[in-house]
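The values are calculated or read from the model by the stated rules, or taken from the named source; none is laboratory data. Computed from a predicted structure; not experimentally measured. For neighbour counting, all protein chains shown are included, and Cβ atoms are generated from backbone atoms with ideal geometry for every residue, glycine included.
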């Protein structure tokens, strides 16, 4: 396919359950489209080279760096961002509650990435050793917390969830 | 609420994607990109921008020649000092000479960042490369290559100071040692880079700037002066800031001047968001120093004289003056009594990114030098390093303690309070010092090398000049608190709410704190130097007390009671012991502001209430009354307040990978009275992680030509969760007698001792001296194979 940098291409993204028909330049990063075309600024950009993990979103259920993907390559994908984490009634997701309770965030910039990276694993956290859990979170950088609160929060989230759904 | 583990108020926003960082504003703004010098040192011969102008979507391309007046002058020197020999700051856009790779030369503004970078890529800069000087030790020599063409040498400034008689004491000391210590260049690297958005409205002449800065009020004042307009015509908001650690307090970086300039010139909002590469080459670094120490002591390890002569890497310019080496000099003695102490430093220009404070701000260097000196002399004299420390510690009955040299604020360094021996004993207990020798032996029998290291520090915090707080009670009982400080994650919206809630007898959930918005309070200094709790905390206390007095006086009048008999509790003012007399604070605020009550149930109730209350025919307000319940108060501390801590690490060196394994890390920490333990723990844990980065992972590496070799997170290794163990925390609380809350700062504390402690622990494990930091697996490999075999 002949790609011209500034020619707009039509794509369709499902983000947090909403379908968006968009026209994007083929070079636009997915993170930029989420942030600046859709206004979903909860996804942050910390390095633009795939190391810090601030821009992590779920693409078809799996955590991925939205700074390492062009929006056109995500055409047709089902994307979940931090804005889609809390329930519709405004109640925090158990992971969010856990991060608050365990002081898993300070400046908050890496936080959405950590939440999305932890989302597929927090229910299994109880079965993981400390090393294993840290390894599982080892794709995300935080410069503020020293990770103590983050690790504790991911470990606690499943229990909070169980408590939430108890009668 | 003071002292309670209150969950953070700001979290709800930040956890749900509702945080607002600078790049989250003005999606439709034009965007800037910069052409930065490729050379560490060069003359700029020509800038050809024609290619850029041809790009569709470009709105403007600017070089130094386009700037006039103050915009064409060198950027300000933030902290002047009489020791500065040749002050140098850069131009917003380079004029004739560039002095570091990364220096801004051209600004392109276009419809979006992609287009701006397209255009920037088509700009041709012709350079005449000049020889660059990068090596700090060589740069300080007479006759060295100069970082600035035509300069006689590279000395930016020099300062020396002496307490007692160092030469005399050294001459009489039974033991004198000389050592060289070096600490490498590093950087804050917050997860959010810098960013600036500016919007100019020519109809009312208002300039609105969003800036990821630690000091919005200073940015506002500077911009107003630069544009030659009233302060009221410029407003600056530091919204949510994604980490700072020092690098975001500069006043001014070039972009902070140029983006507002472009917004006014183009009449359209303009945004610049730093990318990570730009951050490494265009935002300040810190840490690099080389110390030459002479220390004299007696047979028991009591220090009789201490001298350090050191060089500090200023980088290409000295926008922040000499503050980092000044802090190193004042804080190097730490908790130890140095009766005879002399320092002498030179700040030296090199063709590298300029340096300015990074969390710890000169203290990690000082602590490294002091703590390694203590361990080395203990080893030379075959003494227990703990005993050496015990013998040199300042004792609890010696406060206030005069260190005898000048503090960073220009006054004397006087420690307000502390109990260092208690902290040290608590640490030794916690880490199991007494049993460690046996543990070390057992490990050695298994072929494992364990080491234990200690380190102590004192941190001057809470420096002036001042901070303020504006408090206002809303009609619904909400209390708003505006402080001039920005927040980069320090929980300001929570801890200052706690202070106000206590004073006003309201639930902390009813207090809303706004930070870093000059529209809300025009005077403030900034969030740096671990000063927010100590300075702004006490300002909030004062403002809340003024509001409480207003409420008491007004309620006393309405309830026909004595002022002293009115208490504030449960969100209301009431006569003590008479809950039925309670007037909700919001209603009181409305009644105290006649005719404000137009809408809402509270207003209607207040109106009815007011009619009854004023039925005596009395004027609603006294002649000198303040309407409503609101106050602005400031606090200007006379001097800093000094927190302290003692750290210990037990480390093991992996013989196969030469990786550093931190088996245990114990911290005893004292920041005076703790406002919120959750937050203090988080600050100390985060500081520790950053300190550990500086001990083993992070260093900025330049080659001889002045190119950074690791300007990305792939190569500049911030530790992940896999590298940072959870430290064990213990607190002591020695209140500061200098402010009414008894608090001291905590922001930088955790980071200060870590390189020193890790160095001592590794030196203990390998039984070899360590005189430079950070360490790396390669260095450990070489230390494990001193004969050179194994490579």
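Whether any residue in the stretch B:644-653 is in the same structural domain as residue B:368 (by TED's automatic domain parsing) and out of contact with any strand residue (DSSP E or B) (no Cβ under 6 Å at 6 or more places or on another chain) is what I want to check. Taking every residue of the stretch B:644-653 in turn, at least one turns out to be in the same structural domain as residue B:368 (by TED's automatic domain parsing) and out of contact with any strand residue (DSSP E or B) (no Cβ under 6 Å at 6 or more places or on another chain). Scanning the stretch A:1-46 for residues that are within 22 Å of the chain's Cα centre (by Cα), part of a loop (DSSP other than H, G, I, E, B), within 12 Å of chain B (Cβ to nearest Cβ) and in contact (Cβ under 8 Å) with a residue 40 or more places away in the chain yields A:16, A:27, A:28, A:40, A:42, A:43, A:44, A:46. Listed here are the strands (runs of 3 or more DSSP E) enclosed by the stretch B:371-490 that have at least 3 residues being farther than 30 Å from residue A:142 by Cβ: B:401-406, B:412-415, B:467-473. Of all residues in the stretch A:47-67, those satisfying the criterion of being facing chain B (nearest Cβ under 9 Å) and within 18 Å of residue B:117 (Cβ to Cβ) are A:47, A:48, A:49.
If a residue must be more than 9 Å from chain B (Cβ to nearest Cβ), assigned to a loop (DSSP other than H, G, I, E, B) and in contact with a strand residue (DSSP E or B) (Cβ under 7 Å, 6 or more places away or on another chain), how many such residues does the stretch A:70-87 contain? The number of residues fulfilling the criteria is 3.
Of everything in the stretch A:88-110 that is in contact with a helix residue (DSSP H, G or I) (Cβ under 6 Å, 6 or more places away or on another chain) and part of a helix (DSSP H, G or I), the residue that is nearest to residue A:164 (Cα to Cα) is A:94. The sole residue among B:547, B:575, B:540 that is in contact with a helix residue (DSSP H, G or I) (Cβ under 6 Å, 6 or more places away or on another chain), over 30 Å from residue B:407 (Cα atoms) and either modelled with pLDDT of 90 or more or crowded, with 19+ Cβ neighbours inside 10 Å (or both) is B:575.
Results for (1) more than 25 Å from residue B:719 (Cβ to Cβ); (2) modelled with pLDDT of 95 or more; (3) part of a loop (DSSP other than H, G, I, E, B), shown as yes or no for each residue.
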site	(1), (2), (3)
B:611	yes, no, no
B:650	no, yes, no
B:657	no, no, yes
B:678	no, yes, no
B:681	no, yes, no
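State which residue is nearest to residue B:145 (Cα to Cα) when the search covers only the stretch B:1-24 and only residues that are in contact with a strand residue (DSSP E or B) (Cβ under 9 Å, 6 or more places away or on another chain) and at the interface with another protein chain (Cβ under 9 Å from one of its Cβ atoms). Applying the filter and picking the extreme gives B:23. Can you name the residue in the stretch B:509-529 that is surrounded by fewer than 23 Cβ atoms within 10 Å (Cβ to Cβ) and in a strand (DSSP E or B) and is also farthest from the chain's Cα centre (by Cα) among such residues? This residue is B:512.
Listed here are the residues, each with its yes/no results for (1) more than 19 Å from residue B:681 (Cα to Cα); (2) touching a residue at least 40 places away in the same chain (Cβ under 8 Å); (3) not assigned by TED's automatic domain parsing to the domain that holds residue A:58.
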site: A:112; (1), (2), (3): yes, yes, yes
site: A:117; (1), (2), (3): yes, yes, yes
site: A:121; (1), (2), (3): yes, no, yes
site: A:124; (1), (2), (3): yes, no, yes
site: A:134; (1), (2), (3): yes, no, yes
site: A:140; (1), (2), (3): yes, yes, yes
site: A:154; (1), (2), (3): no, yes, yes
site: A:159; (1), (2), (3): yes, no, yes
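Just so you know, in the stretch B:113-136 the residues that are part of a loop (DSSP other than H, G, I, E, B) and in contact with a helix residue (DSSP H, G or I) (Cβ under 6 Å, 6 or more places away or on another chain) include one that is farthest from the other protein chains (Cβ to nearest Cβ), and it is B:133.
Take the conditions farther than 22 Å from residue B:527 by Cβ, in contact with a helix residue (DSSP H, G or I) (Cβ under 8 Å, 6 or more places away or on another chain) and away from every other protein chain (no Cβ under 14 Å) and apply them to residue B:287. Does it pass? No: the conditions fail for residue B:287.
Count of the stretch B:542-599 residues, restricted to those that are in contact with a strand residue (DSSP E or B) (Cβ under 6 Å, 6 or more places away or on another chain) and part of a strand (DSSP E or B), is 9.
If the condition is being surrounded by 24 or more Cβ atoms within 10 Å (Cβ to Cβ) and either more than 21 Å from the chain's Cα centre (by Cα) or not in a helix (DSSP H, G or I) (or both), then the stretch B:683-699 contributes only B:696.
Evaluating residue A:90 against the criteria (1) surrounded by fewer than 22 Cβ atoms within 10 Å (Cβ to Cβ); (2) within 30 Å of residue A:24 (Cα to Cα); (3) more than 8 Å from chain B (Cβ to nearest Cβ) leaves one unmet condition, (2).
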